[in-house]
Amino acid sequence: MKNILVIGAAGQIGSELVPALRSKYGKNNVVAADLNTEINADILQIGPFYKLNVLDTNSILKVIKEHQIDTIYNLVALLSARGEAEPQLSWQINMGGLVNLLEISREQNCAIFTPSSIGAFGPSTPKDKTPQDTIQRPNTIYGVTKVAGELLCDYYYKRFGVDARGVRYPGIISNVTAPGGGTTDYAVHIYYEALKYEKFSCFLSENTSLDMMYMPDAVRAAIEVMEADPAKLIHRNCFNVTAMNFTPKEIALEIKKYIPNFTIAYDVDPIRQAIADSWPNSMDDSAAREQWGWKHEYDLKSMTKDMLDVLQNKL
Ligand code: SER
């Protein structure tokens, strides 16, 4: 039986991963933790929750010992655009948190999941069907922390045998907790604004193509990579995973099928546009498909239908 600690449980991924883990492994076997306590009532009430700082080793160790934790999901991160506003803090949180959790995993013999991102690629990376193993020279602090994190997770596995695993996520679209400070966030906000105002002002230009994934697939990827048969893994960390690929213009056209009066305008933010332009148009995720059977379920069409259904009830 797994005993899991999710750090960063109040964030965009954590708030949907925690309920999924609890329904799979049992509510008391999944401990949620975050600095932020203003979160999803389900997470607070349905199972154990601790207010924890990812840099506070002693408090984390106390929880790990008390709950006999054997698996950690490390979801703490400042996203790409926020990172450019606060690069030093981004390094401190993203790398400091990871180093701390890897050391704890080594000492306490825990497996650890850490997400990487399309942000780990940069302008010199091949743009289309970006391979699993390729040039990674990102020019954002977020990307720098992601590449360093990928390497460090591999190092902890090779050097100390820590069962560190992870995926490289594309932009993630969700309807429980909104993302903050990311470059792909537009693809979440567009659904809220379409339903509320029938219009959306986009900070990326109309033909900016990026890989994306709907949250149910992202949650499944995180669980499945940790469940994968280690004998079949050639890579362990930072598996490219993707589900769909679209531009702001294309997502707007899909939304228009349900909300005919919907209009999109473009007010390009040069910082976020430069970040998006430095990332791949699309990733090749065949390594994940071959090594642990990764398979997405949602495409732009089915995600849009589901997002609008769910948000219509929520708003
Ligand atoms: N969604 C993230 C961002 O936009 C990328 O991993 O920063």
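For the pair residue 311 and residue 20, a Förster radius of 25 Å applied to the C-beta separation gives a FRET efficiency near 0.80, rounded to the nearest 0.05. For the chain, the longest principal axis of the alpha carbon atoms and the long axis of helix 14-25 meet at an angle near 50°.
Counting only residues at least eight positions apart within a chain, or on another chain, the aspartates and glutamates with an alpha carbon under 20 Å from that of residue 232 are 133, 150, 154, 163, 224, 284, 285, 290.
Solvent-accessible area of the range 210-315 (1.4 angstrom probe, protein heavy atoms only): carbon and sulfur portion equals 53 percent. Using the Cβ-Cβ distance between residue 88 and residue 61 with R0 set to 41 Å, the FRET efficiency from 1/(1 + (r/R0)^6) comes to roughly 0.95. Normalising the average separation of contacting C-alpha pairs (under 8 angstrom, six or more residues apart) by the number of residues puts the relative contact order of the range 122-244 at 31 percent.
Between residue 273 and residue 249, the simple label model (points 7 Å from Cα in the Cβ direction) yields a spacing of 1.5 nm.
Take every Cα pair under 8 Å whose residues are at least 6 apart in sequence, average their separation, divide by the length of the chain, and the relative contact order is 19 percent.
Counting 0.36 nm for each residue step from residue 199 to residue 232 and taking away their Cα separation leaves a gain of 7.2 nm. Simple spin-label model, 7 Å along Cα-to-Cβ: residue 37 to residue 53 in nm? Result for the modelled spin labels: 1.5 nm. Shape class for the range 163-228, computed from the alpha carbon gyration tensor (a ≥ b ≥ c): prolate, with a/c not under 1.5 and a/b above b/c.
Across 233, 78, 101, mean-square fluctuation computed from a Gaussian network of the chain (C-alpha pairs under 10 Å connected) peaks at 233. For the range 86-142, the fraction of C-alpha pairs more than 19 angstrom apart is 46%.
Any chance you could give the angle, 0 to 90 degrees and rounded to 10, that helix 186-197 forms with the longest Cα principal axis of the chain? Result, in degrees: 50. For residue 28 and residue 135, a Förster radius of 41 Å and the Cβ-Cβ distance give a FRET efficiency of 0.35, rounded to the nearest 0.05. Considering every alpha-carbon pair of the chain, the percent of pairs per 10 Å bin, from zero through the bin containing the longest distance, is 6, 28, 36, 23, 6, 0. Anisotropy class assigned to the range 118-277 is prolate, per the alpha carbon gyration tensor with a/c at or over the 1.5 cut-off and a/b larger than b/c. Listed by chain and number, the lysines placed with their C-alpha closer than 17 angstrom to that of residue 301 are 249, 256, 257; residues fewer than eight positions away on the same chain are left out.
Counting only protein heavy atoms and a 1.4 Å probe, the chain has 43 square angstrom of accessible area per residue.
Between the helical axis of 141-160 and the longest alpha-carbon principal axis of the chain there is an angle of about 30 degrees. Taking 7 Å steps out from each Cα toward its Cβ at residue 178 and residue 2 produces label points 3.1 nm apart. If you roll a 1.4 Å probe over the range 6-59 with all protein chains in place, what percent of the accessible area is carbon or sulfur? Heavy-atom surface of the range 6-59 belonging to carbon and sulfur, 1.4 Å probe: 45 percent.
Volume per residue of the convex hull around the Cα atoms, evaluated for the range 97-209, comes out as 127 Å³. Among the chymotrypsin sites (Phe, Trp or Tyr not before Pro) in the range 214-315, those located in a DSSP loop and surrounded by at most 16 other Cβ atoms within 10 Å of their own Cβ are 258. Taking a ≥ b ≥ c as the square roots of the eigenvalues of the Cα gyration tensor of the range 232-310, is the shape rounded (a/c under 1.5), prolate (a/b larger than b/c) or oblate? It is oblate, given that a/c is not under 1.5 and a/b is not larger than b/c.
Note down the magnitude of the dipole of the range 1-148 about its Cα centre, charges +1 on Lys and Arg C-beta and -1 on Asp and Glu C-beta and zero elsewhere, to the nearest 20 debye. I would put it at about 260 debye. Calculated from DSSP H runs of 4 or more alone, at -39500 (n - 2.57) each and per residue, what is the 222 nm mean residue ellipticity of the chain, nearest 500? The helix contribution divided over the chain gives -13500 deg cm²/dmol.
The values are calculated or read from the model by the stated rules, or taken from the named source; none is laboratory data. Everything numeric here is computed off the predicted structure, so don't read it as measured data. For neighbour counting, all protein chains shown are included, and Cβ atoms are generated from backbone atoms with ideal geometry for every residue, glycine included. Just so you know, the surface numbers come from the protein's heavy atoms only, side chains and all, with ligands and any DNA or RNA stripped out. Shrake-Rupley method; radii C 1.70, N 1.55, O 1.52, S 1.80 Å.
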